[in-house]
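The values are calculated or read from the model by the stated rules, or taken from the named source; none is laboratory data. Since the structure is predicted, the reported quantities are computational estimates derived from the model, not experimental observations. Cβ: placed from backbone, ideal geometry, glycine included. Neighbour counts: every protein chain shown. Side chains are part of the model used for accessible areas, which takes the heavy atoms of the whole protein and leaves out ligands, DNA and RNA. Shrake-Rupley method; radii C 1.70, N 1.55, O 1.52, S 1.80 Å.
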Amino acid sequence: MAQMTVNPFAHHGIDHLSVSSLNLFAASPGIWVMERLLGRAAPVGASAHRGTAVEAGVIAVLSGAPLAEGIDLANATFTELSAFSADPRRDKERAALADMVQQGVGLLAPWGKPDRTQCEKNWLIEGLAIPIVGFSDAEYDAHGLIVDLKTSFALPNQIKSKHARQVASYVGGSNATGAVAYVTNKKATLYGIEDVPRHIAALSRQAFSLQRFLALSKDAWELAALLTVDSDSYFLVDPRARQAAWEVFGV
């Protein structure tokens, strides 16, 4: 693909992409425009704070901290992030933190101490005007392994495509193996990423689709006028998100 001479992302103040942003665009372009271009994002729910908190606790223990300190860190992180949350699930999420940290540590401890944690990844695709940036949770040089940790109350029976794309972006072009560690409050499992080139191709297609879409107009409201959203979408569960969708799309 020929190198671009115009950067449509710059017109919208975007200097890098993330896999989560591309996954959102693929799932709902309208929601992506509403949140990323018009700044009408709903507050993050307690489940997202739970994931961040558990990740912090697990990484701390894997890096040498006692389990009790890792659990304390998870609780402190969750308390700070959810301080102003009105999510009714907040207490349920908090109650699961200790068990999730223990499950995550038990799953990953056999691999030893990570050589790197929260390692920034910058992925440049020829023809894409800006890089895709992400952060791997844990990397083990001796095992050639890069791991991303995900928390949930239900353990999936296979890796989710959006998570496979994320980890594939970390390992693409290297000899490392990518894996997703799924952690619940009762069990945990590690799924290796298969067919990395296929996931890289899918992610690249998402990125170029977004680039072409943004090239249509420098006006975010004009781009929003090309789209709509499903008013029953789980992206709009929060009343504030529903209100934003009404203001932007009239639905």
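Some observations on this one:
- Residue in segment 148-165 that is assigned to a strand (DSSP E or B), among the polar types (S, T, N, Q), at pLDDT 95 or above and over 15 Å from the mean Cα position of the chain (by Cα) present: no
- Glu80 among the charged types (D, E, K, R), over 23 Å from His163 (Cα atoms) and open to solvent by 30 Å² or more (accessible area, probe 1.4 Å): yes
- Residue in segment 117-124 that is closer than 16 Å to Ser169 by Cβ and of a type in the set (Lys, Arg) present: yes
- Residues in segment 177-204 that are open to solvent by 30 Å² or more (accessible area, probe 1.4 Å), more than 16 Å from Ser18 (Cβ to Cβ) and not in a strand (DSSP E or B): Asn185, Lys186, Lys187, Glu194, Asp195, Val196, Pro197, Arg198, Ala201.
- Conditions (1) farther than 30 Å from Ala220 by Cβ; (2) within 17 Å of the chain's Cα centre (by Cα); (3) open to solvent by 70 Å² or more (accessible area, probe 1.4 Å); (4) hydrophobic (A, V, I, L, M, F, W, C): number failed by Ala53: (3)
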